[in-house]
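Okay, structure first, notes after.
The values are calculated or read from the model by the stated rules, or taken from the named source; none is laboratory data. As the structure is a prediction and not an experimental result, all values here were calculated from the model. Because the Cβ atoms are built from the backbone with ideal geometry, glycine has one as well, and the counts that use them run over all protein chains shown.
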Amino acid sequence: MLKSTKPPFPSKTKFSLWFLRSFNSLLSPGSPKQIETHPSHSHQYNCQKYFLFSFLNENPTNRRVPKQVHSHLLTTASFSQSVRLFNALLRCYSVCENPKDAIFLYQQVQTFYLYLKFDSFTYAFLIKACASLADLALGKQFHGVEIKMGFESHLYVQTVLVNMYVESGGLIECKKVFDEMPEKNHVTWNVMITGLAKQGDIEIARFLFEGMPDRNIVSWSGMIDGYTRMNRHREALRLFRRMVADVGVDPSEITLLAILPAVWNIGDVKMCQLIHCYGLKRGFLLSDIRVMNSLIDAYAKCGCIVSASRFFEDISMTTRNLVSWTSLISGFAMHGMGKEAVESFERMEQDGWKPNRVTFVCVLNACSHGCLVEEGLNFFEKMVNEYRISPDIKHYGCLVDMLGRAGRLEEAEQIALQIPCEISNEVVWRILLGACSFYGNVKMGERVTSKIMETEKRYGGDYVLMSNILAGARRFADAESLRTLMEKRNAIKVAGSSVT
DNA sequence: GTAGGGTTAG
């Protein structure tokens, strides 16, 4: 008899699927009843449980792992023996790409294992799955069940419930649960604040933020992120300065990710450099590829493509990922550097990266801004035939823009007409209208304008462009009447402005 | 166990 019940598996060991299969075959002859009743099997059973537990916890996002464990538990009828293992599996499903599996698992186990007693963890993970699904109706059902099971005042269950309601848009319910919680902690407050900020209820979020007992870095970052999402960049920067200078809170990597869009929207290169230095000092630039990628993007959007590209080259080959390459290509695209973008794309492929749909939007955009029409058409063809990516509206937009800029208006119009109507929008026609304006094509301009007006009548820019086309063709009366129509329809054209 | 996350046509 073995004295120790502690299984001989180190917790941090990585287990392969192959190993699990071997383990399964090792254990499968014994039914769970046998395992339980035979003392000689108890150590083996504990090992198995421990192994499955580590396997789930160490591969939380691997799609095959929970399925494998799930089928193992079903075939050996092991669910009845451990609610902890069941919860671990439920947690895995709730964070995986199909959280519906968590609900299916619950239903399955509820039907066949009536004696399994669910605990607070079970309901927390189920409600989390509803939040990921943004399924308010389902979430409400579990709210009812959870109350019935006596978790109405449970801090963790209620916190995850607040999160579910705020993320699924149930603002009234979310406020009710939050207000009625007998005990709240910083996570509860942050769930509420970051959730409201994400939903655009920034004023209420700010009110809670100012009134909360102790703000931590998550609260600050959530508020800053809320302001940048709402395009209130100066307020985001004000809050960031208050956090750093007045309160003395150290930004985290997430704070940097939240503040960088505000920095490049304002075009503050100095601030960009400051954040770069801070990231180096704190070690975020070594540890978090997301911060590095966001910095490549921010430098490029602040107009410093040289800094962006230099920064990219400084990232080691092993650290760079597809997003780093895509950010670089996107930077070259917005600077009209088509050749460099194409070269980067080729280097990326040589390094073994498989471009995704975003990469193709960026490289097509680069071809369009760099007047590389043939290359662009080749990329489009490559995307569809080699990488089997079905083009979305942005890819078509780039194509229309590319042909339009090159003066190949008829071809551009043909592409625009061929776009499946389920995905087509007025933006693609607006791009073509810009090209018609540049090349003074009145007839196509009129055709395109009427296409746009089918769906969007209140975008002032369209009237301005078309009236400019008409004026260019000396049809001043028509141009004038279009301007009058624009005013009558209350269409607004915001005047452009520059940061410098 | 519960909270914040990078690249995308005009």
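Based on this model, can you work out whether A:Asp478 counts as within 13 Å of DNA strand B (Cβ to nearest atom), among the acidic types (Asp, Glu) and either exposed (fewer than 15 other Cβ atoms within 10 Å of the Cβ) or part of a helix (DSSP H, G or I) (or both)? When the stated conditions are applied, A:Asp478 does not pass them. Quick check: anything in segment A:290-313 farther than 30 Å from A:Arg347 by Cα and loosely packed, with under 14 Cβ neighbours inside 10 Å? No, segment A:290-313 contains no residue that is farther than 30 Å from A:Arg347 by Cα and loosely packed, with under 14 Cβ neighbours inside 10 Å. Of the helices (runs of 4 or more DSSP H) contained entirely in segment A:156-232, those carrying at least 2 residues that are touching an Asp or Glu at 6+ places or on another chain (Cβ under 9 Å) and not hydrophobic (A, V, I, L, M, F, W, C) fall at A:186-199, A:217-229.
Comparison of A:Ser324, A:Ser287, A:Ser330 shows that the only residue that is modelled with pLDDT under 95 and closer than 22 Å to A:Asp351 by Cα is A:Ser287. For A:Gly370, the conditions (1) buried (at least 21 other Cβ atoms within 10 Å of the Cβ); (2) out of contact with any Phe, Trp or Tyr (no Cβ under 9 Å at 6 or more places or on another chain) all hold with the exception of (2). For A:Glu183, the conditions (1) more than 30 Å from A:Phe209 (Cβ to Cβ); (2) within 13 Å of DNA strand B (Cβ to nearest atom); (3) among the charged types (D, E, K, R) all hold with the exception of (1). Tallying residues that are within 12 Å of DNA strand B (Cβ to nearest atom) and among the polar types (S, T, N, Q) within segment A:150-180 yields 3.
Listed here are the helices (runs of 4 or more DSSP H) enclosed by segment A:66-150 that have at least 1 residues being over 23 Å from A:Glu167 (Cα atoms) and touching a strand residue (DSSP E or B) at 6+ places or on another chain (Cβ under 9 Å), and there are none. Among the residues of segment A:344-365, those that are in contact with a helix residue (DSSP H, G or I) (Cβ under 6 Å, 6 or more places away or on another chain) and part of a helix (DSSP H, G or I) comprise A:Ser344, A:Phe345, A:Met348, A:Val358, A:Thr359, A:Phe360, A:Val361, A:Cys362, A:Val363, A:Leu364, A:Asn365.
Taking the conditions (1) free of Cβ contacts under 8 Å to residues at least 12 places away in the same chain; (2) buried (at least 23 other Cβ atoms within 10 Å of the Cβ) in turn, A:Ala129 satisfies each one other than (1).
Looking only at segment A:323-343, residues that are part of a helix (DSSP H, G or I), within 20 Å of A:Leu399 (Cβ to Cβ) and more than 9 Å from DNA strand B (Cβ to nearest atom) come to 5 in all.
Is it true that some residue in segment A:244-264 is part of a helix (DSSP H, G or I), more than 16 Å from DNA strand B (Cβ to nearest atom) and farther than 30 Å from A:Val157 by Cβ? So far as segment A:244-264 goes, yes, one or more of its residues are part of a helix (DSSP H, G or I), more than 16 Å from DNA strand B (Cβ to nearest atom) and farther than 30 Å from A:Val157 by Cβ.
Selection of segment A:348-382 for residues being among the β-branched types (Val, Ile, Thr) and more than 11 Å from DNA strand B (Cβ to nearest atom) yields only A:Val373. Scanning segment A:149-183 for residues being surrounded by fewer than 23 Cβ atoms within 10 Å (Cβ to Cβ) and either in contact with a Ser or Thr (Cβ under 8 Å, 6 or more places away or on another chain) or touching a residue at least 40 places away in the same chain (Cβ under 8 Å) (or both) gives a total of 8.
Would you point out which residue out of A:Ile329, A:Ile389 is of a type outside the set (Asp, Glu) and over 20 Å from A:Ile289 (Cβ atoms)?
Working: A:Ile329 fails: over 20 Å from A:Ile289 (Cβ atoms).
Testing whether each residue is of a type outside the set (Asp, Glu) and over 20 Å from A:Ile289 (Cβ atoms) leaves just A:Ile389.
Go through (1) closer than 30 Å to A:Asp288 by Cβ; (2) loosely packed, with under 15 Cβ neighbours inside 10 Å; (3) charged (D, E, K, R) and name the single condition A:Arg320 misses. Condition not satisfied by A:Arg320: (2).
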